[in-house]
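Read the structure below first, then the notes.
What follows is calculated from the coordinates using simple rules that are stated; it is not laboratory data. Predicted, not measured: the structure shown is a model, and the values here were computed from it. Positions of Cβ are backbone-derived with ideal geometry, glycine not excepted, and every protein chain shown enters the neighbour counts.
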Amino acid sequence: MDQKLQAVIDGLASNGFVVIPQWLDDELRDALRGELLVRREELTRAGIGREGDHQQRLDVRNDNTLWLDGLSLQQQRYLALMDELRLAINRSLFLGLNDYECHFAHYPKGHFYQKHLDAFRGRSNRVVSAVTYLNAWWPAGAGGELALYDSHDQLLGKVDPAPGTLVCFLSEEFPHEVLPAGDDRYSIAGWFRRDAHPLA
């Protein structure tokens, strides 16, 4: 198995979270960021809550997002890479992941996302969260870190949005937040899901 895939599996199995530097090669990272920039006018203000509870709360979250549609070559390459990861996780950890959804995210300077959980136990199909950073570089001290907490609200660590880095963690287990960005911060945020499909 590829070393990076194995590192994700080992990290999830032992800690419930893992950080993989240079998950994306420079070419794919830059192509994805380039598409995000070209389509910037299509991004919309993100909200919180799902379905009937969905609302915009700029005091909680003020990033802009655009769901991937798989139409561009770079999106297809990225989605194939993440599907390879999904299959590897299933083979080793038996999580039964059968879907992956993701969106581009842009945090302009000063923007943030307060502490939250991606899934509430027993109330969501999101099992593993995955964030990939698309900036070509990130200046020291520019903020925008992903801060991860344990179930007792103790800080586990902060992850800089370093170019091409992947962060994976169990969606129900780790509250997290995006600290205010000191520069334009670009990423793809996604979730490996376990959805119940009716019998055909």
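Of the options Ser187, Gly164, Asn125, report the single residue whose Cα projects farthest towards the positive end of the charge dipole of the chain (beta-carbon charges: Lys, Arg +1; Asp, Glu -1).
About the Cα centre, the residue reaching furthest to the positive side is Asn125.
Build a GNM of the chain with springs between Cα atoms under 10 Å: which of Phe169, Phe104, Phe94 gets the top mean-square fluctuation?
Result for the chain, Cα springs under 10 Å: Phe94 fluctuates most.
First measure r as the distance between the Cβ atoms of Asp150 and Thr44, then evaluate 1/(1 + (r/R0)^6) with R0 = 35 Å and state the FRET efficiency to the nearest 0.05.
Numbers: r = 32 Å, r/R0 = 0.93.
Result of the calculation: an efficiency of 0.60.
What list of ³J(HN,Hα) couplings, whole Hz, do you get for the stretch 93-108 from phi and the Karplus terms 6.51, -1.76, 1.60, once you set θ to phi - 60° and write x for glycine and proline?
Once rounded to whole Hz, the list reads 10, 6, 8, x, 6, 10, 7, 9, 10, 7, 9, 5, 9, 10, 9, x.
Quote the charge dipole size of the chain about the Cα centre in Debye, to the nearest 20; the model charges only the Cβ of Lys and Arg (+1) and of Asp and Glu (-1). Before the final figure, lay out the partial values.
Working: 21 positive and 29 negative charges, 58 e Å.
Around 280 debye, computed over the chain.
Which of His116, His152, His111 has the fewest other C-beta atoms within 10 Å, and how do the rest follow up to the most? Walk me through the intermediate numbers first.
Values: His116 12, His152 6, His111 20.
Exposure proxy ranking, most exposed first: His152, His116, His111.
Fully extended, how many nm does the chain gain between Asp25 and Ser124 (0.36 nm per residue separation, minus their Cα-Cα distance)? Intermediate values should be presented prior to the final figure.
Numbers: separation 99, 0.36 × 99 = 35.64 nm, distance 3.18 nm.
Computed gain between Asp25 and Ser124 is 32.5 nm.
Report the calculated FRET efficiency for Ala140 and Ala13 (r = Cβ-Cβ distance, R0 = 35 Å), to the nearest 0.05.
Using R0 = 35 Å, I get an efficiency of 0.65.
Over all directions, the average projected area of the alpha-carbon convex hull for the chain comes to how many nm²? Before the final figure, lay out each step's value.
Numbers: hull surface 48.2 nm².
Averaged projected hull area, Cα only: 12.1 nm².
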